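Quick notes on the structure that follows.
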Amino acid sequence: MKQPQVDVVIVGAGFAGLTAARDLGAAGRRVCVVEARDRIGGRTWYRTDLFDGPLDGLPDGLPDGHGLEMGGTWIVPQQTFVSAEVRRYGIAISDSALPSRMTWSDRGTVLDSLLPVPPAELDRLEHAVRALLAAGARLDVDRPLSAQGLADLDVPIRRWADEAGLEGNARELLISWFCGCGNASADTGSALDVLRWLAAMDNSLWGMVKASVLGQTFDDGTASLARALADDGGADIRLSSPVRSVRQSADHVVVTYDGGSVSARRVLVTVPLGVLQDIAFEPALAPAKLAISKENHAGQGQKVWALARGVPEDLSGYGWGTVFDYVGAMRTHPRGVVLVCFAPEHDAVDGEDVRAVQRAVREYAPDAEVIATATHDWVGDPWSRGTWTTFRAGQITKYERHLATPEGLVHFAGAHTAHRWPGFIDGAVDSGRRAAAELLELL
């Protein structure tokens, strides 16, 4: 057989693939990145073409070229891998503005109180916080969770709340909060995977809040870091090229995609969990990887942007029994307040229906007038099959040890293979660096 065309083919141009390509290129390796989408960035997608038309007689466009993150958005300093890349490339980031108070919505009724529970339930709130911190303290996020005897936490979110003895509004709030963090339902998402967020923030409840919706954001969008990685790597990046097969021989691998193929000494696959099953592997994918891909992960919710009037400029709302489990103000413009909204079910609301989104937002701000919305169907997206990775109950215990295991000449990365921050940009960067080091040692 003729010499392989490149040293490594990387399947997927998200942050895992781009980071690995950069590190491999820096070591002098020939790299080809094959990406199904017509853009880089994976499940991050910074769009500047939304909320820019005439609305109700208001001026066209948002005045400062405001963009919207359709996918991943926040980082925190404790996410050391992505923070190091931000510093390396001089990427501008800003701290989120802290709200003056939280808004609590109990099944659509806005509570006029500082805390989400009535005075008679303060003991229940204290118990809930104690139970949460006690569970988080059991995790060592720098080691595989599946090796730490944590199967009793790798259960559905609702079951964990019940077994922890949570009651009243405190129970409802914590269930909703876990679902919001995981973008997953209470009966599918693993409580252990969400508790990992808490443990990774030094077992700080406030730190967990910051990591989810009040951390740092990219001034010029997540695309600014994706572009920096791609430019620095110098790899051959082929867009609009969905990979159909990965076939191994004794000393090379052939990757076939729509429009062509490329041979390499090694392959690195970085696609989301639910997409693995759509690639024909020869030899066949290991049973554990194929099984979890078919099950897919529990992050099957929604992220919806709304431009609204009649809402507080510092709205930060958490709710239970509501359509959205979180509604937060990101910034204010002459046209209104830009809100980011999350729902744990992918069909909770039609994110393109202004009236439907308005009804959901009014569960937090009764006078809200929504004048525009924007969303992306990550669950229906064939190259994503979900939002950020949140493992289903039992998947960490059953599958974690298999996710990053190489199979012959084929290696695996992606945020879902990281120990500390799976589902985050940091986890993707972490996995890309780990995979590149693994490949360089073998090459």
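Overview of values
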| quantity | calculated |
| --- | --- |
| Å³ per residue enclosed by the Cα convex hull of the stretch 120-213 | 87 |
| Residues 15, 178 arranged by fewest to most Cβ contacts within 10 Å | 178, 15 |
| Taking 33, 129 and counting other C-beta atoms within 10 Å, the order from fewest to most | 129, 33 |
| Considering only the chain, percent of DSSP beta bridges that pair antiparallel, nearest 5 | 70 |
| Pairwise label distance in nanometres, residue 89 with residue 250, each label 7 Å out on the Cα-Cβ vector | 4.2 |
| Those trypsin sites (Lys or Arg not before Pro) in the stretch 103-133 that DSSP places in a loop and that have at most 14 other beta carbons within 10 Å | 107 |
| Euclidean distance between Cα centres, the stretch 375-443 to the stretch 276-321, Å | 14 |
| The chain: radius of gyration and largest Cα-Cα distance (Dmax), Å | 21.9, 76 |
| Residues 442, 150, 192, sorted so that the one with the fewest Cβ neighbours within 10 Å comes first | 442, 150, 192 |
| Karplus 3J(HN,Hα) series, Hz, for the stretch 413-427 with 6.51 cos²θ - 1.76 cosθ + 1.60 (x for Gly, Pro) | 9, x, 3, 5, 9, 7, 7, 8, 10, x, x, 10, 4, 4, x |
| The chain: most fluctuating residue of 280, 20, 170 per GNM, C-alpha cutoff 10 Å | 280 |
| Cα-based convex hull, the stretch 204-244, per residue volume (Å³, whole number) | 148 |
| Label-point gap, in nm, between residue 129 and residue 162 - each point 7 angstrom along Cα→Cβ | 2.7 |
| Separation in nanometres of the label points that stand 7 Å from Cα toward Cβ, at residue 39 and residue 314 | 3.2 |
| Extreme residue, positive dipole direction of the chain, given options 343, 237, 215 (C-beta unit charges) | 237 |
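None of the figures in this text is laboratory data; all of them are computed from the coordinates on show. Keep in mind the model is a prediction, meaning the values are calculated, not measured. Neighbour counts are summed over all protein chains in view; Cβ atoms, including those assigned to glycine, are modelled from backbone coordinates with ideal geometry.
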